[in-house]
Structure formats: C-alpha cells, structure tokens
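Participant: Pasting a structure below so you can have a look.
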Amino acid sequence: MKFIQISAAMSLDGHIDGVQSASRLRLSSDEDLQDMYASRALCDAILVGANTIRRDNPSLSCHLPDLITLRELRGQPPEPIKVTITRSGNLDANSEFFARGNGEKIILCPMHSTISINKQLAYAAKTIMVKDMNATNIVATLEKYGIKSLFVEGGTSVLTMFLSEGVFHRLRLAIAPFFVGNSEAPSFLDDAMFKNNEKNRLRIAAVRNLGNTAVLDIVNDSYAGK
C-alpha cells in the first residue's frame, strides 16, 4: 500500500480515553483536530476497531466542505471508505459509523463471523473475509479492493496490532498535557513484541505545538510496504 498513517491522541500517562462514561474524553485541541481531519480526509479509507464503534460511536464522516472539495479535485469520492474489523460481529447497524455519511462501509471479519454479520448488516456495509486477522493481511485485503492509502485510528487493540507488526509509514501521535490517573482507562497500547524497539528506532520528523497539544510526526523508515 502506498501510504498507511496511524493516528492517536493520548494523555501524558498514556491513556487514549477516560473510564467508561457518557462522553469521550477530550484529548485534542481544536487546532489538533482540524489538522487530523485534514490528514484523514486525504486517505482512501479510515479504519477503526469494532470496540471503538461500540464505545465511542464515531461517525468518521468528512463533513468539512473544503476537505470534500479537495478530495474531489484529487479524483477521490467525497468521503473516505469507512472500514472496521471484528471477530465477534457484535455491531449495531444504527451506530453512527454505519448511519452517517454516504460513503462506502466495509466490515473485515474471519470466516466464522461472515454469516451472522451478513444477516445483521448486509444492507449497511460490505463484508469481506480475512483469513488471519493481522495487520499485514488486513492491508493486503484492502489493497485488493483498490484502497491505496489508509488512516488507522484505533482503539488499543488495533493500534497495538499495526504498531507491533510495524505495518505503517507514519505515526501521528498527539499528546495532551494532562494525566488521566486511572489504570482502568484504555491505554495507547497493549503489551506486545514490537518490531520498532531500541535496536530499530523510528524517526521523529517533526514536533508541533497545535493549541497546547504536542503532535509528533514519526516516520517508519523500515516499513517496506508499497
């Protein structure tokens, strides 16, 4: 794939959300969000895990007119394709992910979930089977579908999958200057064996201050995916 960007925002103590509540913890500044939306809008597809849909109910819609116009000038559809991955198939067709926006939606799942997902969500999204659910196979499957650039947003298990396998070109990491202070809050990453360890370091291309949010633009020079 030509370009894979991972995007995450976390607190100083490494959490991407607070404990379960009615509203998602606000980590990004307005300036950071606008910059993130612009990066997201340029990709062919956005990927989030099923747990993020259940927990945060994101729409992921490209609702800014200037960005929609920019996509059209680049020969892209008005909105990126929305992609989610699920092993259980436990998804609500009325969630914002499926209900909002006119763009295409894709569900990636293992074989044992395809029948139940097609019964519940066939009218809301296209179901595609992935034999072994890992980042390399997910990217290969989306490439066959014609997707050339991917924006990966999370949550923890999806971020861990892609980052531990080293399947990305760039990581956009926003850091909010406060602490969550609760070990039950979702963490940026789970424990894993990461390809990019102390002997194979990533490269920090830029550090930006966007509305009192630090944004690290990190490049993975060792990823050979094309």
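Computed from the coordinates by the stated procedures, all read-outs in this text should not be read as laboratory data. The structure presented is a predicted model; accordingly, all values stated were derived computationally and were not measured. Because the Cβ atoms are built from the backbone with ideal geometry, glycine has one as well, and the counts that use them run over all protein chains shown.
Participant: Contact order normalised by length for region 4-118, with contacts defined as Cα pairs under 8 Å and 6 or more residues apart; what percent is it?
Facilitator: That works out to 23 percent.
Participant: Pop out the Kirkwood hydrodynamic radius of region 18-58 from its pairwise C-alpha distances, inverse of mean 1/r, in Å to one decimal.
Facilitator: 12.0 Å
Participant: Of 126, 119, how do they rank once you tally other Cβ atoms within 10 Å and put the fewest first?
Facilitator: Fewest-to-most ranking of 126, 119: 119, 126.
Participant: Calculated from DSSP H runs of 4 or more alone, at -39500 (n - 2.57) each and per residue, what is the 222 nm mean residue ellipticity of the chain, nearest 500?
Facilitator: -8000 deg cm²/dmol
Participant: In bins 10 Å wide, starting from 0, what share of all Cα pairs of region 1-115 does each bin hold, as a percent?
Facilitator: 12, 39, 37, 11, 0
Participant: Angle between the Cα long axis of helix 135-144 and the longest principal axis of the chain, 0 to 90 degrees, nearest 10?
Facilitator: 50 degrees
Participant: Same structure, new question: Stokes-Einstein at 4 °C, 1.567 mPa s, Kirkwood radius from Cα pairs: D for the chain in µm² s⁻¹?
Facilitator: 72 µm²/s
Participant: Report relative contact order for the chain in percent, whole number only (criteria: Cα-Cα under 8 Å, sequence separation at least 6).
Facilitator: So the answer I get is 32 percent.
Participant: Find the eigenvalues of the gyration tensor of the Cα atoms of region 73-113, then list the square roots of 5 times those eigenvalues as equivalent ellipsoid semi-axes, largest first, in whole angstrom.
Facilitator: 24, 13, 5
Participant: What is the antiparallel percent of DSSP beta bridges lying wholly in the chain, to the nearest 5?
Facilitator: Taking every DSSP beta bridge within the chain, about 30 percent pair in antiparallel fashion.
Participant: Ok, one more. Modelled label-to-label distance, residue 136 and residue 96, 7 Å Cα→beta-carbon offset: nm?
Facilitator: It is 3.6 nm.
Participant: May I ask you to derive the relative contact order of region 88-211, considering only C-alpha pairs under 8 Å and at least 6 residues apart, and to give it as an integer percent?
Facilitator: Computed over region 88-211, the figure is 18 percent.
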